[in-house]
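Everything below concerns the one structure shown next.
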Amino acid sequence: MTIFPDYWNRLYEEEGRPGWDMDGATPLVRELLELARPLGLRPGCGLVVPGCGYGHDAAELEAQGFTVTGLDFAPLAVQGAMHRYGNRVAWSQADWFTTRLGPWDAIFDHTCFVAMDPIRRPAYVETCAHRLRLGGLWMAALFHDVKGKPGPPHAIEIADLRRLAEAHFEVLYLADATESHPRRAGREFLLVAKKR
Ligand SMILES: C[S@@+](CC[C@H](N)C(=O)[O-])C[C@H]1O[C@@H](n2cnc3c(N)ncnc32)[C@H](O)[C@@H]1O
């Protein structure tokens, strides 16, 4: 059951380096930042990475000058992130749906939305809105193609994400990713949306 931290923690325990871990930040950090900077995202802004795993993206965002919180509810993920990157990032072992931290200027969402059971998507989007300041940005990388495999990750059609996001956000950018990791090329798309 993916709603429980034990599900994920067991994967970290059994696999050490689970299949989704790329041992480094996704190249989509660069692509999403290039989209978000003209929209007002500046160094020093407070960013959160929900479902941060071993913290690669959070650490890269900190290196780019942001004040970053890396949040994950699996204890082994947070321990692994601390071990790799130390306290450059504020790590938090917490559930995204219930954390009392925030609000932040922006969310960097890479393989967290798609890790959710699809039934939780409306609640997940609402939670993202609650975790942001007014006008804050939700940046996300999502899969529209998971090669027919059962999730997680769960694929979502671009049009379905637009419908979900528009309940709480103004969608500013929604299109295929161009700088995906080679293992994911042609299967990812990007969202930048502003909290209404
Ligand atoms: C597929 S992994 C991706 C990890 C990381 N983003 C990466 O790309 O390496 C999904 C992560 O989301 C975390 N997660 C899932 N549901 C969560 C929730 N409700 N609150 C916090 N973390 C959650 C899991 O523990 C897991 O580390």
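When Glu188, Glu126, Glu34 are arranged by Cβ crowding within 10 Å, least crowded first, meaning fewest neighbours, the order is Glu34, Glu126, Glu188.
Counting neighbouring Cβ atoms within 10 Å and putting the fewest first, the residues Thr127, Thr2 line up as Thr2, Thr127.
Backbone amide hydrogens, once placed in the peptide plane, bring Leu172 within less than 5 Å of Val192, Ala193, Lys194, excluding anything fewer than 5 places away on its chain.
Per-residue ellipticity at 222 nm, computed for the chain from helices alone with -39500 (n - 2.57) per DSSP H run of at least four residues, works out to -8500 deg cm²/dmol. Scalar couplings 3J(HN,Hα) for the stretch 8-22, obtained by applying the Karplus form with A = 6.51, B = -1.76, C = 1.60 to θ = phi - 60°, are 6, 4, 5, 5, 5, 5, 6, 9, x, 10, x, x, 7, 6, 9 Hz; x denotes Gly and Pro.
Residues in the stretch 118-128 carry Karplus couplings, in order, of x, 5, 8, 4, x, 5, 5, 5, 4, 5, 4 Hz; the curve used is 6.51 cos²θ - 1.76 cosθ + 1.60 with θ = phi - 60°, and Gly or Pro positions show x.
Within the stretch 5-195, DSSP assigns beta bridges of which about 45% are antiparallel (rounded to the nearest 5).
Going by how many other Cβ atoms sit within 10 Å of their own, how do Met116, Met1, Met22 line up, fewest first? The partial results should precede the final answer.
Numbers: Met116 22, Met1 6, Met22 18.
Sorted ascending by nearby Cβ count, the order is Met1, Met22, Met116.
Assuming charge only on the beta carbon of Lys and Arg (+1) and of Asp and Glu (-1), the dipole of the stretch 5-195 about its Cα centre is about 320 debye to the nearest 20.
Loop-located trypsin sites (Lys or Arg not before Pro) in the stretch 91-170 (DSSP state other than H, G, I, E, B) with a sparse environment of at most 14 neighbouring Cβ atoms within 10 Å: Arg100, Lys147. Using only alpha-carbon positions in the stretch 130-186, the gyration tensor eigenvalues give semi-axes of 23, 14, 11 Å once each is multiplied by 5 and square-rooted (largest first). Positive-end ranking of Gly55, His110, Pro122 along the dipole of the stretch 45-149, with charges on Cβ about the Cα centre, is headed by Pro122.
Binning every alpha carbon pair distance of the chain at 10 Å from zero, what are the percents per bin? Over the chain, the share of Cα pairs per 10 Å bin runs 9, 40, 41, 10, 0 percent.
Values quoted throughout were computed directly from the atomic coordinates according to the rules given, and no laboratory measurement underlies them. The model shown is predicted, which means the values in this text are computed figures rather than measured ones. Note that we place each Cβ from the backbone using ideal geometry, even for glycine, and neighbour counts take in every protein chain shown.
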